[in-house]
Amino acid sequence: MLETELEILKRHIQILKTVLENEPIGIIKLSDMTHNPQHMVRYSLRILEQDGLIKPSSRGAVTTEKVPETLKLVKEILMKVKNEVEDLINNI
């Protein structure tokens with residue numbers, strides 16, 4: 001369960017960073033570049049759009065101004081989780 005959620009988060013971040021570096025970009029190119037099936041790319045794009053991190057354009061997905069702050073926040077949260085996991089491991 002936790003591993004699945006981490007894989008999904010990893011894919012969302014990978015797709016977001018790929019859009020950021022190659023925008024505008026379409027689903028087929030994103031799929032080729034990230035080595036993810038198109039249906040998974042489509043799902044990640046939908047989630048990222050719902051979160052306000054990307055938006056569609058006539059030439060493909062583009063990022064919004066929310067991306068830098070969101071990536072910073074995600075990194076901070078992941079660092080906190082990493083520390084908590086290390087503490088948990090040490091106490092087993």
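A compact table of results
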quantity: Gain on full stretching of the segment that runs from Glu86 to Arg59 - 0.36 nm per residue minus C-alpha separation; calculated: 5.3 nm
quantity: Per-residue [θ]222 nm for the chain (sum of -39500 (n - 2.57) over DSSP H runs n ≥ 4, rounded to 500); calculated: -24000 deg cm²/dmol
quantity: Residue among Val67, Val41, Val81 with the largest mean-square fluctuation in a Gaussian network model of the chain, springs linking Cα atoms under 10 Å; calculated: Val81
quantity: Three-way shape label, region 1-46, alpha-carbon gyration tensor, a/c 1.5; calculated: prolate
quantity: Residue among Glu49, Glu21, Glu76 with the largest mean-square fluctuation in a Gaussian network model of the chain, springs linking Cα atoms under 10 Å; calculated: Glu76
quantity: For Cα Rg over 2.2 N^0.38 Å, calculated from these coordinates, the label among (1) 1.00; (2) 1.22; (3) 1.10; calculated: (2)
quantity: Members of Lys17/Lys75; Lys10/Lys75; Lys29/Lys55; Lys55/Lys80; Lys17/Lys55 lying beyond 18 Å, as alpha-carbon distances in this model show; calculated: Lys55/Lys80
quantity: Principal-axis tilt of helix 2-22 within the chain, Cα atoms, nearest 10 degrees; calculated: 40 degrees
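Taken together, the values in this text are just the output of simple stated rules run on the coordinates, not laboratory data. Worth saying up front: this structure is predicted, and the values here are computed from it rather than measured.
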